[in-house]
Structures are given as structure tokens and as C-alpha cells.
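The block underneath contains the structure these notes are about, expressed in C-alpha cells.
Where a number appears in this text, it was derived from the coordinates with a stated rule and is not lab data. Keep in mind that this is a model prediction, so the values were computed, not measured. Reconstructed Cβ throughout: ideal geometry from the backbone, glycine too, with neighbour counts over all protein chains shown.
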Amino acid sequence: MRTYERPEPNLAAVAAVDLVKVYGSGETAVRALDGVTVAFERARFTAIMGSSGSGKSTLMHCLAGLDTATSGRVLLGGTDLTRQSDRVLTRVRRERIGFVFQAFNLLPQLTAEQNITLPLDLSGRRPDRDLFAHVVEVLGLGERLGHRPSELSGGQQQRVALARALVARPEVVFADEPTGNLDSRAGAEVLALLRDSVRDLGQTVVMVTHDPVAAGYADRAVLLADGRIAGDVDAPDPASVTEALRVPAVGR
């Protein structure tokens, strides 16, 4: 593990600068994020790790514009999300960010193909047919496009969710425990596909996970503890991540 250094946010796909998030007030207030500054580089796969209550999900939600910070800034490219209206944030989430959640979040009445193109349809954009064909081929969904979610396995549903995120060409794909509802084999396949999207499509992926094995698929692991950055591991593997999580947070 290397010593954590404050990054240069302007060079990042997305970054947090002195980010604070407090839930509640007075004696019951919970400081979920405590002055977090961290940048996530373009075209890299980064895992955010930490124990339950460390702030990792809160950080992702603030980075993705799903939650508002108490103070500090969130920069998506050149856009400060903390200064935008709800209307603008809705458009940013739809047009510039992709999401892959543990629960798949597919519409049951739509086919796989319709679920994949839904964000583009909602924003009035046409899919890039070459990219669509490439993503479908890479994810092995060619024979499943006409199937509804109830006709797909859990792993296939998560592939549809990943395809939906990728075909919109987002600046960042946020993945929140994307293998949480999958068996080990399907989970490994989804993690490999996330890694391949970075290598083959130049996608930026930020994934929240508690699993050191999942983090081993990433290029980098950012570690949180008690709402603060606790470490930063390049080329992580399960052993190095597990060891880093045992080390007290830097500067504490």
C-alpha cells in the first residue's frame, strides 16, 4: 500500500473535494463523510471499500448526484454537481452517468433490448448501433434481447443492466455491490465484464464493494474508514486489500 496523497481533481473523471455529509442534527448527528478528497481517473476501474458504516455508499451516492453533500464539492468533469438544481442533476444522471445496482432495476414489462435502450429513449437519443452490437456481443446477450427479466437468470439480468449503462456512453459507470445478488460464478463473470469495459471501451468504472475478491478485479482500491480516506491500493488483490483494511487510517 502506498501513502495516500491528495489528488488533482481536475484531471479526474469524477472527484470529491473536502466532502462532508452529515445525517441528522444535534447529538444524534452522524458524520458519514468527514472531509473526503479523492479523484477517480478516466478509463480506470476503481473499487471503493470499507466496512459497514465506513461511508463508502454515501460517497458513491454523492459522487453520482444521488445525494447532496453537507459541504465540499463533487466534480464530474468540469461540472460542480453541488451547485446544480434538481432538474439539472436529473439530466446529468440520465445523460452522463451509468448505474449498475445490486437489485438489477429492470422494468419487468420490457424486453432486454428495451431495458438496455431505455435511458437513451428517455433522453430522446438514438443508440449507436455499432456500440450496441458490440456491447451485446461482448456480454453474450444476442439471443436474449427479446426476453423479459422474468425469463432471464440473475447473471443475465445483471448483464442487461450493465449493457444499459454502457450503451449510453456515460462518463462514469457507478456499480453498487453489483454481485451482491449473484452466485460466485455469475459474480465473477460480471466483474470480468466491468474490467473488460474499461480495457475495451475506455469506460470509467467506480464500484462500491465490501468483498476483497471483487476489488481484485479493479485497477485501484480506495479504502474508507469512519468517513475518511484510510488508504489507496494500486493493482489490488484480495490479500493486499485485506491487509490494507487492517491498517489504521492515514493521519489519524
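Data table
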| read-out | value |
| --- | --- |
| Packing-based exposure ordering (other Cβ within 10 Å, fewest first) of L81, L19 | L81, L19 |
| Crossing angle, helix 86-96 versus the chain [Cα axis fit, 0-90 degrees, rounded to tens] | 60 degrees |
| Residue-span extension gain [L118 to R87] - 0.36 nm each, minus C-alpha spacing | 9.3 nm |
| Inverse of mean 1/r across different Cα pairs in region 29-160, Kirkwood, Å | 17.1 Å |
| Viscosity 1.306 mPa s, 10 °C: Kirkwood-radius Stokes-Einstein D of region 11-78 over Cα pairs, µm²/s | 128 µm²/s |
| Projected label distance in nm at L110 and A29, using a 7 Å step from Cα toward the beta-carbon | 4.1 nm |
| Mean ellipticity per residue at 222 nm, deg cm²/dmol - from DSSP H runs of n ≥ 4 across the chain, formula -39500 (n - 2.57) | -10000 deg cm²/dmol |
| Extension gain from A239 to F101, taking 0.36 nm per residue of separation minus the Cα-Cα distance | 47.1 nm |
| Rg in Å to one decimal, and Dmax rounded to a whole Å, for region 195-239 via C-alpha atoms | 11.3, 35 |
| Extended-chain gain in nm, criterion 0.36 nm per residue less alpha-carbon gap, T70 and D196 | 41.8 nm |
| Cα Rg over Rh - region 83-184, Kirkwood | 0.97 |
| With Cα atoms, 0 to 90° folded angle of helix 112-122 axis to the chain main axis | 60 degrees |
| Angle in degrees between helix 184-201 and the longest Cα principal axis of the chain, rounded to the nearest 10 | 90 degrees |
| FRET efficiency for R148 and R126, using Cβ-Cβ distance with R0 set to 35 Å, rounded to 0.05 | 0.90 |
| Sorted peptide list for 209-221, 156-168, criterion being average Cβ within 10 angstrom, highest first | 156-168, 209-221 |
| Alpha-carbon Debye profile of the chain, log10 I(q)/I(0) at 0.11 Å⁻¹ | -0.57 |
